[in-house]
Amino acid sequence: MSDQNTPNNDQFTYAKSGVDINAQKSAHKIIGELITKTYLFRQGKFGEIIGEYGHYAGLIDIGNELCLAMHVDGVGTKVMIAQMMNKYDTIGIDLIAMHANDLICMGAEPVALEDYLAIETVNNDVIYQIMKGLVEGAKQAQMAIIGGETAIMPDIIKGTSPGNGLDLSGMSIGVVNKKNVITGSNIKINDTIIGIMSSGIHSNGYTLARKAFFDLAKLSPFDPLPNYPDLIVGNELLKPTKIYVQPILSLLKKFNDKIHGLAHITGGAFTKLNRLRPHGHDFGFLLNNLPKAPPIFKEIQNITNISDKEMYKTFNMGIGFCIIADPSIQNEIINLLDNFNFSSLIIGKIIKSNKIILHLNENKIFL
């Protein structure tokens, strides 16, 4: 792994691949400043807005001390790997994961999803495979798929070859008691940070990954990873995102107020921890025991010469979900996760700072 903290002009970045996270944050700020004005439209009425803009899900008050959590998300350019391999039976799992894993970060139990499938042309076999994956993901998350929309848009949706274009997204809801909402506001100095292992790249960073393997390294999705001949590029990229719902809901039921923050490590990678720092709360995250990066990430870095800092701002690097909790229950958390066959470890703690600090290879990196 590169030990460089700041990329130089010769190094690759996510922005150079076509995705500028800073520009995205700027856009989110513009959106947030406008749409939060609409919160006033429900003030004092059924469906009053709870909490702040920009967390893992939006919350509305539905009475009886309950909040409805709402989320919108998609699979992103991972669908292009499915197109290249003509294998569509796992991207539905990814869609469920992107929703369910975000909903539980608010303490909410995922309830239902409606999917939106935009396609270039109708192919019933492809649609069947996608739906099969959605049903499998729903089973893992214990959610219902209650409807959706299939839009045929050949003038807009294009794929990796003629006729195979598609985009997959959706809207989901969950429910949580007001007193059990998790935002990060209860996080305390010296709380422990537990990381749950990912299954691989999950569903983020694919623009950079595709650039690395297919443009820079000139590989096909059917080729092996350069330094791992037993691992096929496309298979590694298509591994479905882990769904963390069942163990997390079990932890919340058992420990409740001793779990202070939950973070799904997706787009923006470990900078996602900033969502757990509400306005007015001054603490930081020290990550000093991260696991070795799995092969897929090592290969991306080897090909692109991207810095460690950029890697940990783009990819999950082997940690798909984080739990911030009272250190008195850290061993019980790890044991419960192990009972669900989810590998985890203590990766750090909460510190007096306003930074996310990584200790890697005796280097200190600020995200």
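Only the coordinates and a few stated rules stand behind these numbers; no lab work does. Given the structure is predicted, the values throughout are model-derived calculations rather than measurements. All Cβ positions, glycine included, derive from the backbone under ideal geometry; neighbour counts span all protein chains shown.
What to note about this one:
- Shape call, segment 59-109: gyration tensor on alpha carbons, a/c limit 1.5: prolate
- Of Lys239/Lys292; Lys211/Lys298; Lys45/Lys179; Lys139/Lys211; Lys211/Lys355; Lys87/Lys242, pairs whose Cα-Cα distance is over 26 Å: Lys139/Lys211; Lys211/Lys355
- Ellipticity at 222 nm from helices only: DSSP H runs of n ≥ 4 in the chain, each -39500 (n - 2.57), divided by the residue count, give -8500 deg cm²/dmol.
- Cα gyration tensor category, rounded, prolate or oblate, for segment 77-156 with a/c compared to 1.5: prolate
- For the chain, radius of gyration divided by Kirkwood radius, i.e. Rg to Rh on alpha-carbons: 0.95
- Size descriptors for segment 193-278, from the alpha-carbon set: Rg then Dmax equal 16.8, 51 Å.
- Relative exposure of Val181, Val75, Val245, judged by other C-beta atoms within 10 Å (fewest first): Val181, Val245, Val75
- Segment 46-180 - Rg and Dmax from Cα coordinates, angstrom: 16.2, 52
- Theoretical gain in end-to-end length, Ala27 to Asn302 [0.36 nm per residue, Cα-Cα removed]: 95.9 nm
- Note on the chain: GNM, Cα springs under 10 Å; of Thr314, Thr266, Thr150, the largest mean-square fluctuation is that of Thr150.
- Whole-number percent relative contact order across the chain, with pairs defined as alpha carbons under 8 Å at least 6 apart: 22 percent
- Inter-probe distance in nm under a simple model that places probes 7 Å from Cα toward Cβ, at Lys218 and Asp282: 5.5 nm
- Each residue in Met197, Met311, Met84, Met70 was given a count of other beta-carbon atoms within 10 angstrom of its own, and listing them fewest first yields Met70, Met197, Met84, Met311.
- Gyration tensor verdict on segment 185-366 (Cα atoms; rounded if a/c is under 1.5, prolate if a/b is larger than b/c, oblate otherwise): prolate
- With 0.36 nm allotted per residue and the present C-alpha distance subtracted, the Phe340-Glu65 stretch has 96.0 nm of extension available.
- The calculated FRET efficiency for the pair Glu52 and Lys239, based on their C-beta separation and a Förster distance of 35 Å, comes to about 0.55.
- Segments 250-261, 102-113 sorted - mean Cβ within 10 Å per residue, highest first: 102-113, 250-261
- Interatomic Cα distance distribution for segment 145-214, bins of 5 angstrom, percent: 3, 8, 10, 12, 16, 16, 12, 9, 8, 5, 1
- Summing charges over neighbours of Gly76, with a neighbour being any other residue whose Cβ is under 12 Å away from its Cβ, gives -1 when K and R count +1 and D and E count -1.
- For segment 46-180, averaging the sequence separation of C-alpha pairs within contact (under 8 Å, six or more residues apart) and dividing by the residue count gives a relative contact order of 35 percent.
- Ranked by how many other Cβ atoms sit within 10 Å of their own Cβ, fewest first, the residues Ile96, Ile189 fall in the order Ile189, Ile96.
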